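Enquirer: Structure incoming, see below.
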Amino acid sequence: MPHQLINMEVIKDYIVDKLGNDVKFMPLTKVEAINQQAGTIRVFKEQYIGDAEVVAPGQPIPLADFVQSAVNVDIIKRSKALKFTEEDLLSMAGNPAQRIADQLLRSLNNGLDKALRDELAGITGAMVVDATAVGKITVDVVADALQKFGENQGSSYLFVNPATLTAMRKEEGFALKSAENGINIVGEIYGANVVLSESVPAGEAYIIKEGALELYLRKEPTLKQGPDILTEQEVFTGNVYFAAHLADESKAVKIDLA
């Protein structure tokens, strides 16, 4: 039987160990572990109380209101399934268990990447740069985006689709750069580190700083295996449970290219 050829516990251990490693946004994302598979996560945010003020001797210190707001972030499930006949598994090149594990892991990681990108896609208002007139990433576009971070313009990361990189490489301000701190950096433009991600559409780009995104992740995905008796195939499924959240809007800029 097909299930006798595959040790699902080995696949599970492999995926649990590597889940999130290839998620492009993960190194800049604050990750917290959860045990839930459904429901919501209540996330709190505090409003800055303002700068300290000069107070003359004998005068009262100005009082500030402590304002804290909360938002509920839904836990969602992203899933993928594979099915094989016994003949498929017996004739598969290489190690069937490893190939199944690699495919499910890649699928779940890409699902997490897209979920984090979806949070960035919701950016509106002052943190959006309209570059549709030029339709590409230029030094001027990046300069306009970085300006939105105010005095905190250092350590910024520009996420682009691989197709966007072609035109960027022709820009005078583009320079090659190596990966650092687990982030797959391919270059730099006007001080922003360039990172490739297929989860980012070609008509968009994002500049983010560490702490912009939060991910509440159930580290152990649900992996199951069972027979489909009608087709005499073995089915393998993988589910990952998480809640993604744009935690700090001041640390992320959306660039519209089209």
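Bear in mind these aren't lab numbers, they're just calculated from the coordinates by the rules spelled out. All values reported here derive from a predicted model rather than from experimental measurement. Here the Cβ is made from the backbone with ideal geometry for all residues, glycine too, and neighbour counts use every protein chain on show.
Enquirer: In whole Hz, with x marking every Gly and Pro, tabulate ³J(HN,Hα) for the range 96-102 from phi via Karplus 6.51 cos²θ - 1.76 cosθ + 1.60, θ = phi - 60°.
Expert: Karplus values, whole Hz, x for Gly and Pro: x, 4, 5, 5, 5, 4, 5.
Enquirer: What nm value, rounded to one decimal, do you get for the distance between Leu63 and Asp13 when each label is placed 7 Å out toward the C-beta?
Expert: Each label point lies 7 Å from its Cα, and together they span 6.1 nm.
Enquirer: Through the Karplus equation 6.51 cos²θ - 1.76 cosθ + 1.60, θ set to phi - 60°, convert the phi angles of the range 53-64 into ³J(HN,Hα) values in whole Hz; use x for Gly and Pro.
Expert: Once rounded to whole Hz, the list reads 10, 6, 10, 6, x, x, 9, x, 6, x, 8, 10.
Enquirer: Within 10 Å of each residue's Cβ, count the other Cβ atoms and sort Phe44, Phe25, Phe84 from fewest upward.
Expert: Phe44, Phe84, Phe25
Enquirer: Right, here's the next one. Using 1/(1 + (r/R0)^6) with R0 = 41 angstrom and r between the beta carbons of Ser155 and Ala38, what's the FRET efficiency to the nearest 0.05?
Expert: Working: r = 36 Å, r/R0 = 0.87.
Step by step, r from the Cβ atoms, then E = 0.70.
Enquirer: Using a Förster radius of 41 Å, what is the FRET efficiency between Val134 and Ser178 based on their Cβ-Cβ separation? Nearest 0.05, please.
Expert: 0.90
Enquirer: Which of the trypsin sites (Lys or Arg not before Pro) found in the range 171-241 are loop residues per DSSP with 13 or fewer other Cβ atoms within 10 Å of their Cβ?
Expert: The qualifying sites are Lys177.
Enquirer: While we're looking at this one, here's another question. For the residues Leu63, Leu19, Leu108, what sequence is obtained by ranking on other C-beta atoms within 10 Å, fewest first?
Expert: Fewest-to-most Cβ neighbours within 10 Å comes out as Leu63, Leu19, Leu108.
Enquirer: On to the next question. What whole number of Å gives the distance from the Cα centroid of the range 139-205 to the Cα centroid of the range 102-118?
Expert: With the range 102-118 and the range 139-205 each reduced to a Cα centre, they are spaced 21 Å.
Enquirer: Would you mind checking which residues have amide H under 5 Å from Lys219's amide H? H placed 1.01 Å from N; only 5 or more apart, or other chain.
Expert: Ile34
Enquirer: Once phi is turned into ³J(HN,Hα) by the Karplus curve 6.51 cos²θ - 1.76 cosθ + 1.60 with θ = phi - 60°, what whole-Hz value does each residue of the range 183-197 show in order, with x for glycine and proline?
Expert: Along the range 183-197, the couplings run 9, 7, 6, 10, x, 8, 9, 6, x, 8, 6, 9, 10, 8, 8 Hz.
Enquirer: Something else about it: Which distance in Å, rounded to a whole number, links the C-alpha centroids of the range 124-138 and the range 72-96?
Expert: Between the Cα centres of the range 124-138 and the range 72-96 lies a distance of 39 Å.
Enquirer: Which loop-located GluC sites (Glu not before Pro) does the range 50-155 contain, where loop means any DSSP state but H, G, I, E or B and the Cβ has at most 15 other Cβ atoms within 10 Å?
Expert: Glu53, Glu151
Enquirer: Using the crude model of +1 on Lys and Arg Cβ and -1 on Asp and Glu Cβ, and no other charge, please compute the dipole size for the range 37-109 relative to its Cα centre, in debye to 20.
Expert: Using only the charged Cβ atoms, the result is roughly 340 debye.
Enquirer: For the range 112-172, which trypsin sites (Lys or Arg not before Pro) are both in a DSSP coil and crowded by at most 10 other Cβ atoms within 10 Å? Please list the in-between numbers first.
Expert: Details: sites: Lys114, Arg117, Lys136, Lys148, Arg169, Lys170; in loops: Lys136, Lys148, Arg169, Lys170.
Passing sites in the range 112-172 are Lys170.
Enquirer: Which pairs in the list Lys77/Lys224; Lys45/Lys148; Lys80/Lys209 are over 23 Å apart, alpha-carbon to alpha-carbon?
Expert: Lys80/Lys209
Enquirer: Across 5 Å bins from the origin, how do the percents of Cα pairs in the range 99-218 run, short distances first?
Expert: 2, 10, 19, 24, 21, 13, 6, 3, 1, 0
Enquirer: How many percent of the alpha carbon pairs in the chain exceed a separation of 32 Å?
Expert: Here the long-distance tail beyond 32 Å is 39 percent of all Cα pairs in the chain.
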